[in-house]
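The values are calculated or read from the model by the stated rules, or taken from the named source; none is laboratory data. In this text the structure is predicted, and so the values were computed from the model without any measurement. Please note: Cβ atoms are built from the backbone with ideal geometry, for glycine as well, and neighbour counts cover all protein chains shown.
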Amino acid sequence: MEWLTVRVGGVRIAYFPAGAAVDLSRVCHCWPEVMAADQYFANHPDVRRILWRPRKPDWKVGPAGWLNKPKSYGFHYGLLHWADGADLADLDSRVRSHTVRPDDFAACVAAIAISIECLRCHAHITVASTAAGEGPPWAANVERINEHVFYRECPACGQGERWPLVVDFVDPRSWPQGWHVRSPPR
């Protein structure tokens, strides 16, 4: 499992660069759709995957074999989403070389992979969605969320009432014909 640790906003996160392998079953309890979504987000151009611990902002990686112990559970799996076209390959390089700048994470929001159902057409869709409190405090606060760009309607029927704050859809290429996603307003 290739992860890099970086401290952002006073919280240590395990950061997975593009293409990094993650065995989520060893570090957190995740729903099957989250594990499937992880495969999609592994190489996503606007998303990086993270693990973090809510009440242990300064956790440390233990000696060899520490992940095999029950106490290693307790990580929360999350996604960081950038809507501003940031060069995440460059960020991956800076995280690897420990030269992260304070503004590198300024434009992202924390998100989680969840399965939702449209209230009108009852389509089931796996999405990356955000909400205040769903991630490290520096990336899941109301001010940051208010500045981000979201998809505002169901790709199957177009309804937008009571639609969650969706930052991305999981694998739109696999959708039934006729579903479409309009680009979010910038």
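Any residue that is within 20 Å of ALA42 (Cα to Cα), in a strand (DSSP E or B), out of contact with any helix residue (DSSP H, G or I) (no Cβ under 9 Å at 6 or more places or on another chain) and not acidic (Asp, Glu) - is there at least one of those in segment 100-121? The answer is yes; a qualifying residue exists. Of the residues making up segment 11-35, those that are under 13 Å from the mean Cα position of the chain (by Cα), touching a residue at least 40 places away in the same chain (Cβ under 8 Å) and not in a loop (DSSP other than H, G, I, E, B) are ILE13, ALA14, TYR15, VAL34. Remark: pairs (first residue in segment 79-107, at positive phi; second residue of a type in the set (Ser, Thr, Tyr) and part of a loop (DSSP other than H, G, I, E, B); Cβ separation under 9 Å; 6+ apart in sequence or on different chains) are absent.
Considered as a group, the residues in segment 84-106 that are in contact with a strand residue (DSSP E or B) (Cβ under 9 Å, 6 or more places away or on another chain) and at pLDDT below 90 include one that is nearest to VAL34 (Cα to Cα), and that residue is ASP84. Can you give me the number of residues within segment 98-128 that are surrounded by 12 or more Cβ atoms within 10 Å (Cβ to Cβ) and among the hydroxyl-bearing types (Ser, Thr, Tyr)? The total comes to 2. Scanning segment 129-144 for residues that are hydrophobic (A, V, I, L, M, F, W, C), under 24 Å from ALA42 (Cβ atoms) and without any contact (Cβ under 8 Å) to a residue 60 or more places away in the chain, we see that the one that is surrounded by the fewest Cβ atoms within 10 Å (Cβ to Cβ) is ALA131. The residue that is nearest to GLU117 (Cα to Cα), among those in segment 136-176 that are of a type outside the set (A, V, I, L, M) and assigned to a strand (DSSP E or B), is PHE169.
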